[in-house]
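Inspection log for the structure reproduced underneath, given as structure tokens.
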Amino acid sequence: MPVGTAPTIGPGVFGVESVSVMEGDSVTLHTDLTQIQDDDFIDWWFESESEHIHIATIMRMFGVSTSDDVLGGRFRGRLHLNNQTGDLTITDITTEHTGLYQLNIITGYELTRNYFSVTVSALPVPVIIRDSSQCSSSSKCVLVCSVENVTQVTLSWYKGNSLLSSISVSDLNRSLSLEVEYQDNNTYSCVINNPIRNQTKHLNITEVCQPCSDYIRGCGCGFTEAVIRLVISGLVAMATVAVLVYDIRSKSVGQKMREQTSSLK
């Protein structure tokens, strides 16, 4: 079979293996071969909604070839073939690499075909909230920036253009969070980045750190504690009113009893 010709559908077609990764990750599509034989033919294709493009080939007797400059350089510098197994690795993957990958393995006259449905998710935008656990002791505003299910990223807090703190993760599907105390009415931003992209979330101080009102001064404006304080204040007010009403009624009853006693005399 000539290189660059898409094999026709036939016996040996397997199912589709789904692969989900994040932008900037590396993904390896496996042939499940331990060693390519001299007469083996390994052929990789990429298919999107409108394209069916040959991207890599291994023919042991003729060598290894890749076509990673196809599709306007979409795969340039990103494709790596394992010459022993035929596994295809795509590094620094982007959303442009989402699609169906077709593997053809020809041994003698036998064709085996596998498919890999690769979905690449965009880097998430960080989320900024206030740490309500810091509300009870002071009015300081402690901010928490977080992201979920990320791999090989760095999460950082910036005050203006100055780096305040950062944390990195290399494990698969980890969640990250990073705290900072807001001060001095500066511009704060939280940034997540990997080798190919970054996402920035700028702090909107009026949404996250509302100023405390006079009657809950000293509270860090945590919603739960503010509600508790208001409920307690309401109960105290109701109790005060009840005492006043009871006192007024008691005085009224006492006055009537005295008037009745005087009339009897």
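Structure data summary
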| read-out | value |
| --- | --- |
| Label-point separation, residue 96 to residue 196 (7 Å along Cα→Cβ), nm | 0.8 |
| For residue 55, distant residues with modelled amide H under 5 Å away | 44, 45, 46 |
| Burial ranking of peptide ranges 152-159, 91-98 (average Cβ count within 10 Å, highest at the top) | 152-159, 91-98 |
| Computed label-point distance, nm, for sites residue 16 and residue 121 using a 7 Å Cα→Cβ extension | 1.9 |
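A short reminder: the numbers here are calculations on the coordinates, not readings from a lab. Predicted model, so just to flag it, every value in this text is computed and none were measured. FYI the Cβ positions are ideal-geometry reconstructions off the backbone, even for glycines, and counts take in every protein chain you see.
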